[in-house]
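> One structure is given below, represented as structure tokens, and several questions about it will come after.
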Amino acid sequence: MDIVAHTLWTAGAAFPLRRRFRVPLSLGWAIFWGIFPDVFSFAIPAIVRIWWYLTGTTPSLLPGPGGPQHFQFVWPLYYASHSLLVFATAFSIAWLFARRPILEMLAWSLHILIDIPTHQGIFALHFLWPLSSYGFSGIRWENPWFFAANYSALFFLYLWLWIGARRRQSLEGS
């Protein structure tokens, strides 16, 4: 899924959790962890490609089909950051050091769970990496009908959150 949708799904999940369970939850940190797997994997290549484009080294931001295969280091980063096992290990270590669960980090697992059915081909998630290289080949999130359905669902989620907030305001104001 794209980074904007991950941001919106993370915030859409964090708002009601924070209110319903009355837990201290930093929305900023939740969003950070919600986009972390993609930023961790793709930020360096994206910055380098932009730099190459701005300096005239390459005529396009996209790699050419016949060009050299740069950035092969991205794949281990992608596999690691999109692995439920790596997430569970990092979450456990953070919990151990903080002596409490870092609830914002759960957004990382939400990212992975959303990506499992919405990636295919070379981007199919190896969600059990490094123990398994199995990757579920799901629906491409870029598929126009899925893209529209995803953002429609986000629209209705935020509409529902907004209506709920308005109702609470009117009840508290009465």
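> Find all pairs meeting these conditions: Cβ atoms under 8 angstrom apart; at least six residues apart or on different chains; first residue within the stretch 129-156 and within 17 Å of Asp2 (Cα to Cα) and without any contact (Cβ under 8 Å) to a residue 24 or more places away in the chain; second residue aromatic (Phe, Trp, Tyr) and surrounded by 12 or more Cβ atoms within 10 Å (Cβ to Cβ).
Ile139/Phe146; Arg140/Phe146; Phe147/Trp141
> Now, a different point. Given the structure, is Ile114 without any contact (Cβ under 8 Å) to a residue 40 or more places away in the chain and not in a loop (DSSP other than H, G, I, E, B)?
No.
> Sticking with this structure for a sec: Identify, please: which residue in the stretch 36-51 is under 10 Å from the mean Cα position of the chain (by Cα) and surrounded by 18 or more Cβ atoms within 10 Å (Cβ to Cβ) and is, among those, farthest from Met105 (Cα to Cα)? Before you say what the answer is, go through the steps one by one.
As a first pass, look at the stretch 36-51 and keep what is under 10 Å from the mean Cα position of the chain (by Cα): 36-39.
Filter again for surrounded by 18 or more Cβ atoms within 10 Å (Cβ to Cβ), leaving 36-38.
On the way: Phe36: 10, Pro37: 11, Asp38: 14 Å.
Looking at residues that are under 10 Å from the mean Cα position of the chain (by Cα) and surrounded by 18 or more Cβ atoms within 10 Å (Cβ to Cβ), I get Asp38.
> May I ask you to list the residues in the stretch 93-115 that are crowded, with 17+ Cβ neighbours inside 10 Å and in contact with a Pro (Cβ under 9 Å, 6 or more places away or on another chain)?
Scanning the stretch 93-115 gives Leu103, Trp108, His111, Ile112, Asp115.
> Does the stretch 157-174 hold any residues that are surrounded by fewer than 11 Cβ atoms within 10 Å (Cβ to Cβ) and of a type outside the set (Gly, Ala, Ser), and which are they?
Leu159, Trp162, Ile163, Arg166, Arg167, Gln169, Leu171, Glu172
> If a residue must be among the charged types (D, E, K, R) and either outside any helix (DSSP H, G or I) or touching a Gly at 6+ places or on another chain (Cβ under 9 Å) (or both), how many such residues does the stretch 1-18 contain?
1
> Ok, one more. Among the residues of the stretch 117-144 satisfying the criterion of being part of a helix (DSSP H, G or I) and either in contact with a Gly (Cβ under 6 Å, 6 or more places away or on another chain) or modelled with pLDDT of 95 or more (or both), which is nearest to Phe40 (Cα to Cα)?
Thr118
Condition check ((1) more than 20 Å from Leu154 (Cα to Cα); (2) at pLDDT 95 or above) across all residues:
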site: Met1; (1), (2): no, no
site: His6; (1), (2): no, yes
site: Phe15; (1), (2): no, no
site: Phe21; (1), (2): yes, no
site: Ile35; (1), (2): no, yes
site: Phe40; (1), (2): yes, no
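> Taking Ala98, is it within 23 Å of Leu8 (Cα to Cα), out of contact with any helix residue (DSSP H, G or I) (no Cβ under 8 Å at 6 or more places or on another chain) and not hydroxyl-bearing (Ser, Thr, Tyr)?
no
> Consider Tyr79 carefully, then state whether it is touching a Phe, Trp or Tyr at 6+ places or on another chain (Cβ under 7 Å) and assigned to a helix (DSSP H, G or I). First the steps, then the outcome.
On the way: touching a Phe, Trp or Tyr at 6+ places or on another chain (Cβ under 7 Å): yes; assigned to a helix (DSSP H, G or I): yes.
So Tyr79 fits the description; yes.
> Can you report the number of residues in the stretch 57-81 which are loosely packed, with under 12 Cβ neighbours inside 10 Å and either modelled with pLDDT of 85 or more or hydroxyl-bearing (Ser, Thr, Tyr) (or both)?
The number of residues fulfilling the criteria is 2.
> Is one or more of the residues making up the stretch 80-88 without any contact (Cβ under 8 Å) to a residue 40 or more places away in the chain and over 14 Å from the mean Cα position of the chain (by Cα)?
yes
The values are calculated or read from the model by the stated rules, or taken from the named source; none is laboratory data. Since the structure is predicted, the reported quantities are computational estimates derived from the model, not experimental observations. Please note: Cβ atoms are built from the backbone with ideal geometry, for glycine as well, and neighbour counts cover all protein chains shown.
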